[in-house]
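Structure first, then comments.
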Amino acid sequence: MIEEKLDERKELLKRAFSRVDLFEIGTKLGIPYFEERQSGWEVDETKATQEIAYRIDDEGLREIFESYHSREWAVFRGRHYTLENGRLQLEGSWKTIQEGIRKAVKRHGRKSIEVLQKILEAGGSRSLETLRLDLKGIDPLPILTDLEKHGVIATSYKGSKYWEWQILEESIPIVQLELDLKKRVKSRRMMLTAKGIARGKVNYILEEKERIKKKDRELDAYLRDLLAHRLERVVRFGKTFNIASLSSYLRDLFGPLLYFDSLLSITQQYGLADVEIIHERGKTGKSTGWSLALFGEPGTGKSFSTRDMILGRPKAKMPAHGVPGRNRYCGGMTAARFIRIGQAYAGRTFNFIVPEFNDFFKYRGMVEPLKLAMEQGEIKYETHREVIGPYRFESFFSVNYNVSVYGRGYSVTVQDPNFSAIEDRMLCRLHRLTKERFIEIAQSQMRLTFGEIDIGKGAQNIRDHVALIYAIETRHPLVKDRFPHKPVMITPKAYELIKRAREAILSGISEKVVRFSARLEDRAIRFACAASLMDYFNSDLEYIPVNEEALKYAVQFYVEEASVRSREAFEPEDVLKKLFQ
Amino acid sequence: MRVLTVSWAVNERQRLKPFTEAMEAASILCLADSERRRPSIMRSRGEEITHLSKLHYPFWAVPHGERCLIIDGLNISSDTISVWSLPDVKSFTEDLKQASRDFDIYRKVISRHTETFKDFKSASEVHIQALIGDKEILEVILELLSQEMHSEELLMEGLSPLLRLDKRDAVERSEAFLDVWKSNLSDIEALRYAINVLNEEMERHREKTMTEIEELQKRYEMKILELRPLVKKKIDRLMKERKSKIKKALKDQEKRLGAALKDQDKLEREMMRLEKRIENYLARKRTRGRRDASQLDVKIEICQNRMKETARRIEVISRIAETIRMEGDETVKTIEDDYEKMIEKEREKVEHLEASMEAETSELRKEIEDPEAEASSIISQIEHLLKRKEMVIDELKGTTVPAKVEEAILIRIPFYVARYKAGERERLKVFPPVVAVRRGGFVLKLKRAIKPTLGSRIRLLLHPRWDFLEQRVFAKFEEKLHEDASLMEEVNRAVELNNLLEASHFKDGVVAGTSELMKDGWITGSERKQMLDEYAS
């Protein structure tokens, strides 16, 4: 919902203001992107609206429309915002559109549905003449006039004898939904012969595919702007940047305890490129992508470290650090819907941010498909009404969920007994609300509130860097001819260190049973390799060697995680001290 | 802070013997002395040199990307940059965007803006104090930056006391230039954007018009497609009808003609019979002689009369036949003409549609061509402004030096100042940097020999290093000294603080230097003695 609203806000700003106005708005808001430019003629509208949209809320949007003269002729009819005659309403138009469709149906019957369907099939706009040809024997003009009057469609072009209408891009989903509802009523009437038709399946996927296209466009626009204006700076930044500098940046911002979660989140973004990990003699079969789970009691900053750090949160003055256009926020989404929309992502690698992962397990039977999703396997989900898939899921997750934390260990609030299988497939991090953590959270909240923390420039640098690395390592067409793709090379020394950690951990556990699987080691290695991608510009080699500092963090994570999973059978500090002495 | 200090005197390329510091001290003293006003008829008291100082003229090289800007550290020079403000690009592009959905509005917008980019909205001049824009001075600075960069040093303190703009001031001044530069770049972006938007909109309206044309053609083609078989059918029917009508007309004609011809044939046969009968009568008349002759003559006459009558009747019938033929032909022709007209009319139905289609599509093409021609002219106008703005950027680039500096560098160009005093009157004289020429050559020796005064001989040895720098910087500096009391005060203070006439190292230099100059024949022994007595004792 948040992401959808952000997208709408971006589109609304783009439609309502010229680039010169956007520049003035952005400059007044003190956004670094605008401060780097001399005038509005130098801004990229997509990037500009994105930068502004991320930094304002509805109140800010209202203020902008009050202070700046928007285009009188611009129209926007979204789910959350409406713009007509230069006036902004902080409420959507979808209800009006639904009513409009119903009124048209009442007056013109199914012909109006046919008209809308033809417009939709044509990609959103259609001319009067074509509609006349489409709907033989029906004069579409009265229907179109009515639909326009009710705000369902708008004139998109008027020539001397040519007339074209469109369904505004932001209104397409609601029109689709309405048409689909009509179709469903009809199919129910026609009945039951068509038993088991997947309700809304097609639309979910279509909608999601549209969203993916939008996200691709967002990444492309971001990269274009980066290459045009900031490339030299990013490369220079990249030459001094690594896991240690990221860690010190985050430590300065959030303190010595809180920083580690954000470090994991950002490192995971580097890993998203899913770069191949090699060793001196060949392939390892591994790659840098992994899923992240932050769990713990409510209020321990889990959402902040994932959602806010990656997507940004204007209200909390937190700019985005994640790869643009590669994170899909899944707040409020059911697991079933997730499994359905997952089809649209087959063959693509995105990061799904799930803030309340617990909710995915409210319904039985979700563990298995999700387990497959975590393993990047082939998903097939069947109910008595529909069959989803099979399709191969190649994306990753950043999830948060609540657990009850005890003095030692924790217990998940998810009832499904197989949930641990899911946990086992992610890089998990327990949040315990210790006094120290509490103080750090309170302090950083206060510093953010009073504007003592200025993340703007740092965030922009990191985001530019991670976006460029992602683009290079995924061989994005905009950069593939400029920078070579490099795999990450793991060394025997790295394996040796992991082995030593394993021995130290096992020697610390007195029980005969080990409560964590070998996958934990795999996660640690993937983490180290993802973190090493930060060194891309530091090395002239054809590969990126594993960074030693990254290995230390990986071992730290391995030991701490093993301790949590073993219900703190050993003190991680003791093991770490022994390893790094 | 990085400081680049230049030498006051440099060797001419052909000069082999180095021009030493001692020689510099001796020469400048000789020059300063030669400029001293001696007592004369007009002037009762002669001047004395009270002070001689080596000062530096400061220039700042402030970074500007891969180049640098030169700022006059004494804030004497200035440069003026022409600034042309753009027409209202925003309202132009916004108008176009608004017209994006309506061809009629687009046409009006284009017509409204045919003059918008004809010229810049206004022209003004930005005066940037201390900015050096003089190409020749910039060339000198470039030469210094590229050749003498190795001589840069780190000067922590004790900078030239003559410095009216410090590093921060210099950077500030360069920012005024930078503002103009950026504003021009921004204007270029604006004009490019205007061209892009106009191109896009042109393209959009052309595309829509093409769609409209296509639809129109499709509409007509469908009509034609529907009409063509109907027309063909009708034509076929008409042709068939025509054929049958002609056939019938020909048949009627034939029938009537047949009857006439039959009568004619009968009469012709009658004629032949009558002719034969007459021949018979004539033969009988020949054989019988006079017997029955008159009877036979009567018979012959009767026959002849009957023949005449028959011939008349044949002629009548012939005329009738001719009339029948003509009438028949006429009927056929009328049928043919009538049907041809009907067929043509049918054919015209399709042709008329084709012509309408052609006319309407041409009209639409013309509709888009007119604003397109206007839009192209607007683009040419914008491109012209763009070119001019790019030229401004080139000119501004010309105000910079193609040398990259990491931070602002202070470039110090040395000069000597002598203070002369005659009673209460004091004056200052500036000696800009020089080039020491080679010692020999017959002509030079000759010139040296015929130069009567020491000053004129030293001027043969030391040539101005940069003529234009003397004229445009140091001459201006001397002028400014007279106009600007505070500058005069600053220079006087600097001169007093740094009086070489009181410095022992300078005096030592003069001693050694005059000896060198004497060896080289630039100064005589007595002149040397006089100089030493006066200044180095």
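A quarter of the convex hull surface defined by the alpha-carbon atoms of the range B:333-377 gives 3.7 nm² as the mean projection.
Between the amide H of B:H56 and those of B:L162, B:F415, distances stay under 5 Å, these residues lying 5 or more places away or on another chain, with hydrogens modeled in the peptide plane. Taken over chain A, the percentage of Cα pairs per 10 Å bin, counting from 0 up to the bin with the maximum distance, is 3, 16, 24, 25, 18, 10, 4, 1, 0.
Applying both filters, DSSP loop and at most 14 other Cβ atoms within 10 Å, to the trypsin sites (Lys or Arg not before Pro) of the range A:460-547 gives A:R475, A:K480, A:R482, A:K512, A:R515.
Restricting the trypsin sites (Lys or Arg not before Pro) of the range B:312-404 to loop positions (DSSP other than H, G, I, E, B) with no more than 16 neighbouring Cβ atoms within 10 Å leaves B:K404. Only helical runs count toward this figure. For the protein assembly as shown, summing -39,500 (n - 2.57) over DSSP H runs of n ≥ 4 and dividing by all residues gives -19000 deg cm²/dmol at 222 nm. If you look at the Cα atoms of the range B:193-277, you get an Rg and a Dmax of 34.9, 117 Å. Once the Cα atoms are used to define both axes, helix A:201-225 deviates from the longest principal axis of chain A by about 70 degrees. For chain A, find the longest principal axis of its Cα atoms and tell me its angle to the long axis of helix A:19-28, 0 to 90°, nearest 10. The helix A:19-28 is inclined about 40 degrees to chain A. For chain B, the spread of Cα coordinates along the three principal axes comes to 195, 63, 44 Å, biggest extent given first.
Arranged from fewest to most other beta-carbon atoms within 10 Å of their beta carbon, B:L96, B:L460 become B:L460, B:L96. In this structure the amide hydrogen of A:L292, modeled in the peptide plane, comes within under 5 Å of the amide hydrogens of A:F397, A:S398, A:V399, A:L427, none closer than 5 places in sequence on its chain. Over the Cα atoms of the range B:1-111, the radius of gyration divided by the Kirkwood radius equals 1.43; this is the Rg/Rh ratio.
Each residue of the range B:376-382 was assigned a 3J(HN,Hα) from its phi angle through the Karplus expression (A = 6.51, B = -1.76, C = 1.60, θ = phi - 60°), giving 4, 5, 4, 4, 4, 4, 4 Hz with x at Gly and Pro.
Relative to the compact-globule scaling 2.2 N^0.38 Å, provide the ratio for the alpha-carbon radius of gyration of the protein assembly as shown.
1.60
Annotation: amide H-H contacts under 5 Å for A:E297 (H modelled 1.01 Å from N, sequence separation of 5 or more, or interchain): A:V403, A:H431, A:L433.
For the range B:246-343, a Kirkwood hydrodynamic radius built from all Cα pairs, placed in the Stokes-Einstein relation at 37 °C and 0.692 mPa s, yields a translational diffusion coefficient of 202 µm²/s. Counting every other Cβ atom within 10 Å of each residue's Cβ, B:W60, B:W181 order from fewest to most as B:W181, B:W60. Computed over the Cα atoms of the range A:1-105, what is the ratio Rg over Rh, Rh following Kirkwood? Radius of gyration over Kirkwood radius for the range A:1-105 works out to 1.02.
Restricting the calculation to Cα atoms, the range A:1-48 shows an Rg/Rh of 1.00 when the hydrodynamic-style radius is the Kirkwood one. Using the alpha-carbon atoms, what tilt in degrees (0 to 90, nearest 10) does helix A:435-449 show relative to the longest principal axis of chain A? Helix A:435-449 and the main axis of chain A meet at about 40 degrees. Each residue of the range A:232-246 is assigned a 3J(HN,Hα), and the resulting list reads 4, 5, 5, 5, 4, 4, x, 6, 10, 9, 7, 4, 5, 6, 5 Hz, derived from the Karplus form 6.51 cos²θ - 1.76 cosθ + 1.60 (θ = phi - 60°), x at Gly and Pro.
Computed over the range B:83-136, the quotient of the alpha carbon radius of gyration and 2.2 N^0.38 Å is 1.79.
Exposure proxy for A:E473, B:E534: other Cβ atoms within 10 Å of each Cβ, ordered fewest to most, give B:E534, A:E473. With the Kirkwood sum run over all distinct C-alpha pairs, the range A:207-269 has a hydrodynamic radius of 14.0 Å.
Shown in residue order for the range B:15-30 are the 3J(HN,Hα) couplings computed by the Karplus curve 6.51 cos²θ - 1.76 cosθ + 1.60 at θ = phi - 60°: 6, 8, 7, x, 8, 7, 4, 5, 5, 4, 4, 5, 5, 5, 5, 4 Hz (x for Gly and Pro).
Throughout, read-outs are computed from the coordinates displayed, never taken from laboratory work. All of these numbers come straight from a predicted model, not from anything done at the bench. Ideal geometry is used to build each Cβ from the backbone, glycine not excepted, and the neighbour counts take in all protein chains shown.
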